[in-house]
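Colleague: To start, I am sharing the structure in question, which I have written as structure tokens.
The values are calculated or read from the model by the stated rules, or taken from the named source; none is laboratory data. It should be emphasised that the depicted structure is a prediction, and the values quoted were computed from it without experimental measurement. Ideal geometry is used to build each Cβ from the backbone, glycine not excepted, and the neighbour counts take in all protein chains shown. For the accessible areas, the whole protein counts, side chains as well, though only heavy atoms, and no ligand, DNA or RNA atoms are used. Shrake-Rupley method; radii C 1.70, N 1.55, O 1.52, S 1.80 Å.
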Amino acid sequence: MKYFLCLLICFCLPVQARIITACGHPEYPPVSWQQQGTLTGIASSVAKKLFTELGYQLAIDTSGNWKRCLEEVKSGNIDLIVAAYKTRPRTSFLAYSTEYIVADKVGIFVNKSDTRVYKTLNDLLGKRVGLLLGDSFGDLFDLFLQTLPDREFVSKGAQNLAKLAYQRIDFMPLGSVSGQLQLQKFGYKEKIKISNLSIGTEHFYLAIGQHSKLQKHLPYINQRLAELHQNGSIKRLQECFGQYYLNKQPQGSCDALP
């Protein structure tokens, strides 16, 4: 009888979710950014939802910059990245979802006093570029950036915006949506503009460390991401988190996902 009661109690107790670790880009609204000591945005909202469905609890590390996030997953200390571009060097230590989270059109931001018409990448030769540590903008553009002798790296996106606003650098590559949001947030709309030169559209994918057994869940993750695109949830999250970043929308209204 005692054995039966113990067995019954065990079945009635809630199953504790397994804890897994994640990190993400801390400077890329509305996809992913740090705010009030936590990571918020489309990517963390989606990742938490999907891994909760799989029986996990997501613990997000916000202790470092974007480069450190990548290095921690590469070293096997963190399980996954909530959203990352897919590049050849990163595929050596990351397994990506085949379904993307967000399509990201990447533009070139310049100072508003710059009247030059940029038509090709060659027009950027000889210019000072500002980059965030760890950032990538696709294999081809990354190769082009490596040919530029004057590259300046910072750990915070706001530092690059300030440098561009006061003409300490000549341009910075950034996703068009994220860049426009940051110009509004930091008050640089009158000092910085996006040029007419686009360097293409990259995609943010959920990425799992090659060391992690979580790769077995990629088929389910791909299925759910496709569903979230089809039912309009990702688009709604994009709009909601954009407004939340600008303090025009409460965060709680952005988190609910079917």
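Colleague: Would you pick out the residues in the range 98-117 that are among the basic types (Lys, Arg) and either within 22 Å of LYS163 (Cβ to Cβ) or over 15 Å from the mean Cα position of the chain (by Cα) (or both)?
Modeller: LYS112, ARG116
Colleague: With the checklist (1) over 27 Å from LYS191 (Cβ atoms); (2) more than 12 Å from the chain's Cα centre (by Cα); (3) among the charged types (D, E, K, R) in hand, flag the one item LYS86 doesn't pass.
Modeller: All conditions pass for LYS86, except number (2).
Colleague: For the range 103-113, how many residues meet the condition of being out of contact with any Gly (no Cβ under 9 Å at 6 or more places or on another chain) and open to solvent by 30 Å² or more (accessible area, probe 1.4 Å)? If you could, list the steps in order and put the result at the bottom.
Modeller: First pass over the range 103-113, keeping only residues out of contact with any Gly (no Cβ under 9 Å at 6 or more places or on another chain): 103, 108, 110-113.
Filter once more, keeping what is open to solvent by 30 Å² or more (accessible area, probe 1.4 Å): 103, 112-113.
Counting residues in the range 103-113 that are out of contact with any Gly (no Cβ under 9 Å at 6 or more places or on another chain) and open to solvent by 30 Å² or more (accessible area, probe 1.4 Å) gives 3.
Colleague: Could you check how many residues of the range 164-220 are among the hydroxyl-bearing types (Ser, Thr, Tyr), closer than 24 Å to GLN34 by Cα and over 21 Å from the mean Cα position of the chain (by Cα)?
Modeller: Here the count works out to 1.
Colleague: If a residue must be among the polar types (S, T, N, Q) and either open to solvent by less than 70 Å² (accessible area, probe 1.4 Å) or not in a helix (DSSP H, G or I) (or both), how many such residues does the range 114-133 contain?
Modeller: Filtering the range 114-133 for residues among the polar types (S, T, N, Q) gives 115, 120, 122.
Pick out the ones that are also either open to solvent by less than 70 Å² (accessible area, probe 1.4 Å) or not in a helix (DSSP H, G or I) (or both) and you get 115, 120.
Counting residues in the range 114-133 that are among the polar types (S, T, N, Q) and either open to solvent by less than 70 Å² (accessible area, probe 1.4 Å) or not in a helix (DSSP H, G or I) (or both) gives 2.
Colleague: In the range 222-255, which residues are farther than 20 Å from THR40 by Cβ and of a type in the set (A, V, I, L, M, F, W, C)?
Modeller: ALA226
Colleague: While we're looking at this one, here's another question. Identify, from the list LYS74, LYS86, the residue that is within 30 Å of LYS127 (Cα to Cα), surrounded by fewer than 23 Cβ atoms within 10 Å (Cβ to Cβ) and at pLDDT 95 or above. Quick ask: steps written out before the conclusion?
Modeller: Working: LYS74 fails: within 30 Å of LYS127 (Cα to Cα).
Just one listed residue meets the conditions, LYS86.
Colleague: Test ILE169 against the criterion of being in contact with a strand residue (DSSP E or B) (Cβ under 7 Å, 6 or more places away or on another chain), open to solvent by 40 Å² or more (accessible area, probe 1.4 Å) and of a type outside the set (D, E, K, R), and give yes or no.
Modeller: Against the criterion (in contact with a strand residue (DSSP E or B) (Cβ under 7 Å, 6 or more places away or on another chain), open to solvent by 40 Å² or more (accessible area, probe 1.4 Å) and of a type outside the set (D, E, K, R)), ILE169 does not qualify.
Colleague: Moving on. Have a look at SER45, SER92 and point out the one that is hydroxyl-bearing (Ser, Thr, Tyr) and within 26 Å of PHE144 (Cβ to Cβ). Quick ask: steps written out before the conclusion?
Modeller: Working: SER45 fails: within 26 Å of PHE144 (Cβ to Cβ).
Checking each option against the conditions leaves just SER92.
Colleague: In the range 73-112, which residues are in contact with an Asp or Glu (Cβ under 7 Å, 6 or more places away or on another chain) and under 19 Å from LEU39 (Cβ atoms)?
Modeller: ILE78, TYR85, ASP104, listed by residue number.
Yes/no matrix, rows are residues, columns are (1) under 22 Å from TYR118 (Cβ atoms); (2) in a helix (DSSP H, G or I):
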| residue | (1), (2) |
| --- | --- |
| PRO149 | yes, no |
| ALA158 | no, yes |
| ILE169 | yes, no |
| LEU183 | yes, yes |
| TYR188 | yes, no |
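Colleague: Which ones in the range 185-209 are under 24 Å from LEU140 (Cα atoms) and open to solvent by 80 Å² or more (accessible area, probe 1.4 Å)?
Modeller: Passing the criteria: only ASN196.
Colleague: Would you confirm whether or not the range 35-56 contains a residue that is at pLDDT 95 or above, open to solvent by 10 Å² or more (accessible area, probe 1.4 Å) and in a loop (DSSP other than H, G, I, E, B)?
Modeller: Scanning the range 35-56 turns up at least one residue that is at pLDDT 95 or above, open to solvent by 10 Å² or more (accessible area, probe 1.4 Å) and in a loop (DSSP other than H, G, I, E, B).
Colleague: Continuing with this model, one more query. Mind listing whichever residues of the range 200-215 are in contact with an Asp or Glu (Cβ under 9 Å, 6 or more places away or on another chain) and in a strand (DSSP E or B)?
Modeller: Passing the criteria: THR201, GLU202, HIS203, PHE204, TYR205, LEU206, ILE208, GLY209.
Colleague: Take the conditions open to solvent by less than 50 Å² (accessible area, probe 1.4 Å) and modelled with pLDDT under 95 and apply them to GLY64. Does it pass?
Modeller: For GLY64, the condition - open to solvent by less than 50 Å² (accessible area, probe 1.4 Å) and modelled with pLDDT under 95 - is met.
Colleague: Could you figure out which of (1) open to solvent by 10 Å² or more (accessible area, probe 1.4 Å); (2) under 15 Å from the mean Cα position of the chain (by Cα); (3) not basic (Lys, Arg) isn't true of GLN223?
Modeller: (2)
Colleague: Applying the selection to the range 19-34, what residues are outside any strand (DSSP E or B) and of a type in the set (A, V, I, L, M)?
Modeller: The one that is outside any strand (DSSP E or B) and of a type in the set (A, V, I, L, M): VAL31.
Colleague: Considering each of ILE194, ILE199, ILE208 in turn, give the residue that is at pLDDT 95 or above, of a type in the set (A, V, I, L, M) and under 26 Å from ILE108 (Cα atoms).
Modeller: Being at pLDDT 95 or above, of a type in the set (A, V, I, L, M) and under 26 Å from ILE108 (Cα atoms) holds for just one of ILE194, ILE199, ILE208, which is ILE194.
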